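I have placed the structure first, in the form of structure tokens, so that the comments after it can refer back to it.
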């Protein structure tokens, strides 16, 4: 099958670029002396997760229990659910999964620990690893103060079914509004040092804290270098996207994934309309960054860098073209790099792995839509 | 099955509210003397499409060929694809579908007409209805000037396989930034009159223009009343959403659909985190409107109107609570009305139809993700 045999919109992934991205991050992890546990929410594909493990990854990260089940069913056997899991319906499923694979989950409250313990007890005292989620500045889940964290660690140590594997943070706030790489480095180092300080303090109180885990592709070049960090969980690096370009961590040539789209209308000389809208590209505006080249549209068109996607509806991208552009005409195709690749992937049922003009694989995005 | 047996995040649709919304719009169509051809992109469910037809709808509207195929397979037999369809792969499928149901599609270019004709010819001269898409101010697809439209109408009349059914517009620009209902009415009437003028002018040139079709829920109260309009294609009305509340066309009680979500973390007294993020609610900011009550978050929490969803990540909604709120606690559930219901529905595989605490149906969102 050739690229031109794919109908649009279609997710296409350049195999050479993706494999290079996988190898680069693996090499960085080795250089930094940390384990790489890639976040598979970016691709939601067991096939790609296996490529990451084959390259040296020490297990995988997922965002949801449903994603963990898909990955476990496909043979991935060391899974961190980087999320808080609550409610009896999910915890029953979690207990079942904990019996099948090496599983860990986050906690950030006594109530959460209690629910988890109860479900594991009802399932016959299945044991599961937990990491305490530390808020290092993102302001989402996680505890920020040492006292609260130590209190939770004490509570976990008293549990018959929970094992404290360590502490973790998602330093997703690092790139937000950053004006320079130096500013990002400073934020990343602050976050990484904070979670490491917490680990040291817990050890001083007698806790065993084998894992100190950090997340996020944008922060990875800095957090993972910090002495004491044992694991990193970047996700986006496998494909890259416009947000990565905006902070000068990638160029379009480093972006492995595009949405292949067709022009369906050329109603004005400076306007083209694509058949890929917010149902294909997602609708996040591009991250404000500091790269020399700024893309302020809803995706970057590889074949027409001067064009701007100025608006998205569900099934339409409205493209403003430089005056006098004949390309792209009705029926012609372009490749669009999404602003944020992870939620864009989640909109599609499958991806086409390409090598030049050749479609080498069609892989289902098996963990798509697993929000539960 | 009871509501509490549903795991979260889950789409729930209140049957009583949905049926009332369906009946109201049907009654409005009768009052205005137009046919109602509801846009099914809002629900993507053949079951709900059938309820709309049973209530009196004259066929349905879809956004994509793939949606049309799902609806046709489910027995819906009068379908307008309100979009430009180009490229040989899709046009082959369109020709096949045209042989099975009463089908119409939009055109806005000679190139598009040519491609369509060629594909229908190759399929053994299957005939298909076309409507010329008129741009009445949205600036997406469609032609704005009478000369271009008349030229295209002439071209269609010379075709052996295309039948000119009429003209259509999607006046989706009507609510954008509107400061009052009067301003919306003015814009809606201008758009509706424009497409009607085009129809009159085409008839004066000898064309038969049986259908003059307008779209969009926000504009429907005004465009569909205009003399000469024959058909309207609103979609959102079946569920309503925060965007409809913002322009005072709905209250929360008119919103049939919610995302049922659980609190997974209460890391600070004024913060709760839900397990429904942009992968469950979509990420569009709320429309700026003029209703007395303004919701500026990423969804409206029915049980906590004073709370604000201040941020969404893929799997997390970050909720700012009024000081001292104990509700909602970890594990408790809330119902969130999405800002824009159509793309939120597209993120889910199924919806639960509820009547009070009772889950009466689980329906697959069969046309989810049919972007091709």
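Give me a count of the residues in the stretch B:196-216 that are in a loop (DSSP other than H, G, I, E, B) and without any contact (Cβ under 8 Å) to a residue 40 or more places away in the chain. Steps first, answer last, please.
Start the filter on the stretch B:196-216 by keeping residues that are in a loop (DSSP other than H, G, I, E, B), which leaves B:205-210, B:216.
Remaining after also requiring without any contact (Cβ under 8 Å) to a residue 40 or more places away in the chain: B:206.
Matching residues across the stretch B:196-216 total 1.
Each residue in the stretch B:3-12 was checked for being buried (at least 22 other Cβ atoms within 10 Å of the Cβ) and in contact with a helix residue (DSSP H, G or I) (Cβ under 8 Å, 6 or more places away or on another chain), and 2 of them qualify.
Among the residues of the stretch A:61-87, how many are on the phi > 0 side of the Ramachandran plot and facing another protein chain (nearest Cβ under 9 Å)?
So in the stretch A:61-87, the residues on the phi > 0 side of the Ramachandran plot come out as A:75, A:87.
Applying the additional criterion that residues be facing another protein chain (nearest Cβ under 9 Å) yields A:87.
Number satisfying all stated conditions: 1.
Checked against the criteria, residue B:180 counts as out of contact with any helix residue (DSSP H, G or I) (no Cβ under 8 Å at 6 or more places or on another chain) and in contact (Cβ under 8 Å) with a residue 40 or more places away in the chain.
Filtered by the rule that a residue be modelled with pLDDT under 90 and surrounded by fewer than 16 Cβ atoms within 10 Å (Cβ to Cβ), the stretch A:295-304 gives a lone residue, A:296.
With respect to residue B:253, is the statement that it is part of a helix (DSSP H, G or I), touching a helix residue (DSSP H, G or I) at 6+ places or on another chain (Cβ under 9 Å) and within 30 Å of residue B:302 (Cα to Cα) true? Taking the combined requirement at face value, the residue satisfies it. Restricting B:175, B:221 to residues that are within 14 Å of chain A (Cβ to nearest Cβ), under 27 Å from residue B:30 (Cβ atoms) and not in a strand (DSSP E or B) narrows the list to B:175. So which residues in the stretch B:167-195 are surrounded by fewer than 23 Cβ atoms within 10 Å (Cβ to Cβ) and in contact with a strand residue (DSSP E or B) (Cβ under 9 Å, 6 or more places away or on another chain), if there are any at all? The answer is B:172, B:194.
For the stretch B:231-244, check the following and say yes or no: at least one residue is more than 18 Å from residue B:177 (Cβ to Cβ) and more than 14 Å from the chain's Cα centre (by Cα). Yes, the stretch B:231-244 has at least one match. Restricting attention to the stretch B:26-61 and to residues that are surrounded by fewer than 17 Cβ atoms within 10 Å (Cβ to Cβ) and touching a residue at least 60 places away in the same chain (Cβ under 8 Å), the residue that is farthest from residue B:81 (Cα to Cα) turns out to be B:47.
Could you tell me whether residue B:287 is within 14 Å of another protein chain (Cβ to nearest Cβ) and over 18 Å from residue B:328 (Cα atoms)? Taking the combined requirement at face value, the residue satisfies it.
Scan the stretch B:198-215 residue by residue and report those that are modelled with pLDDT of 95 or more and either surrounded by 19 or more Cβ atoms within 10 Å (Cβ to Cβ) or touching a helix residue (DSSP H, G or I) at 6+ places or on another chain (Cβ under 8 Å) (or both).
Step one: filter the stretch B:198-215 for residues modelled with pLDDT of 95 or more, giving B:198-214.
Once the filter is applied, which keeps residues that are modelled with pLDDT of 95 or more and either surrounded by 19 or more Cβ atoms within 10 Å (Cβ to Cβ) or touching a helix residue (DSSP H, G or I) at 6+ places or on another chain (Cβ under 8 Å) (or both), the stretch B:198-215 yields B:198, B:199, B:201, B:202, B:205, B:207, B:209, B:211, B:212, B:213, B:214.
Yes/no per residue for (1) in a helix (DSSP H, G or I); (2) surrounded by fewer than 24 Cβ atoms within 10 Å (Cβ to Cβ); (3) away from every other protein chain (no Cβ under 14 Å); (4) without any contact (Cβ under 8 Å) to a residue 24 or more places away in the chain:
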site: B:249; (1), (2), (3), (4): no, yes, yes, no
site: B:264; (1), (2), (3), (4): no, no, no, no
site: B:272; (1), (2), (3), (4): no, no, no, no
site: B:279; (1), (2), (3), (4): yes, no, no, no
site: B:293; (1), (2), (3), (4): no, yes, yes, no
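Count of the stretch B:305-327 residues, restricted to those that are at pLDDT 95 or above and buried (at least 18 other Cβ atoms within 10 Å of the Cβ), is 13.
In the set (1) crowded, with 21+ Cβ neighbours inside 10 Å; (2) more than 9 Å from every other protein chain (Cβ to nearest Cβ), the condition left unmet by residue A:90 is number (2). Could we say that residue A:79 is free of Cβ contacts under 8 Å to residues at least 24 places away in the same chain and under 18 Å from the mean Cα position of the chain (by Cα) here? Taking the combined requirement at face value, the residue does not satisfy it.
Return yes when residue A:107 is under 20 Å from the mean Cα position of the chain (by Cα) and facing chain B (nearest Cβ under 10 Å) and no when it is not.
In short, yes.
Among the candidates B:51, B:76, the residue that is touching a strand residue (DSSP E or B) at 6+ places or on another chain (Cβ under 7 Å) and either over 23 Å from residue A:277 (Cα atoms) or not assigned by TED's automatic domain parsing to the domain that holds residue B:217 (or both) is uniquely B:76. Which ones in the stretch A:295-313 are away from chain B (no Cβ under 12 Å), more than 23 Å from the chain's Cα centre (by Cα) and more than 18 Å from residue A:333 (Cα to Cα)? Of everything in the stretch A:295-313, nothing turns out to be away from chain B (no Cβ under 12 Å), more than 23 Å from the chain's Cα centre (by Cα) and more than 18 Å from residue A:333 (Cα to Cα).
The values are calculated or read from the model by the stated rules, or taken from the named source; none is laboratory data. A quick note: this is a predicted structure, and the numbers were derived from the prediction, not measured. Positions of Cβ are generated from backbone atoms using ideal geometry, with glycine treated the same way; all protein chains shown enter the neighbour counts.
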